[in-house]
Amino acid sequence: MRDYFLQFAQARAERQQQGATASPGDAYEALRDTLVVAHLNLVRFLAVKFANRGESLDDLMQVGTIGLIKAVDRFDLERGVEFTTYATPTIVGEIKRHFRDKGWALKVPRRLQELHLSVNRMLERLHLQSGHSPTVAELAQALGVSEEDILEAQELGQVYNVLSFDTELSDDGDKTQTLADYLGQDDAALALLEDRANLERAFAILSPRERVILYLRYYEAVSQTEIARRLNVSQMHVSRIQSKALEKLKGVLREP
């Protein structure tokens, strides 16, 4: 199998140098198909682990195969790891993404659901092409929509379906913790429930861009410089929007 990967790497390099597009029957496509077919058993093995969550095994196989193809395209023998070791997280991630993207906890317009999925796919595609995370402007241009649509779709992407009791939440040593393991325990965040409700009420007055910036800055700990790069604006502009949004929040939270 190592020989196939060596041949595939050579064909891939030649294809990139020549700037050629894939065509049925060429060496690149043939070797790629061979490697994918040879590892479908790995996809099945991993898909079976998710087969009791309301999705058919065939559907999960299709989703997992997408992850396998991505792993084949990205694999580099110089990494010094077995392909199965490298491919497993990519395949599992694709299956988990399928469950994550399929359901929504709140009623979200179909247009935004579809745009959210398109944004996720385009994010990965542009990242592979350019080697860096695409900006909002790049995503908007690639998908033919406005930057505000992109921001709204990304924000609404946080609204997913409720978790099942067997949802894996953490890995504590050799034991995987699921949602069911936490039922009946004291919720440490319960005391903050009122504060959270007030904060959600305050966030409702912010524009989509203000909400995205505050989310990235304070929930994801992203620097202003990185946020500016993602939004394709200046760091000073991000700072001004952030300050304005915080003042809005303070004004609402001061109200009785």
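All of the numbers you see were taken from the coordinates with simple rules; none came from a lab. Small disclaimer: the values here were computed from a predicted structure and weren't measured. So basically every Cβ, Gly included, is an ideal-geometry build from the backbone, and we count neighbours across all protein chains shown.
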To the nearest 20 debye, the stretch 187-254 has a Cα-centred charge dipole, built from +1 on Lys and Arg Cβ and -1 on Asp and Glu Cβ, of 380
In nm, the gap between the two label points placed 7 Å beyond Cα toward Cβ at GLN62 and SER239 is 5.1
Listing LYS70, LYS250 by rising number of other beta-carbon atoms within 10 angstrom, fewest first, gives LYS250, LYS70
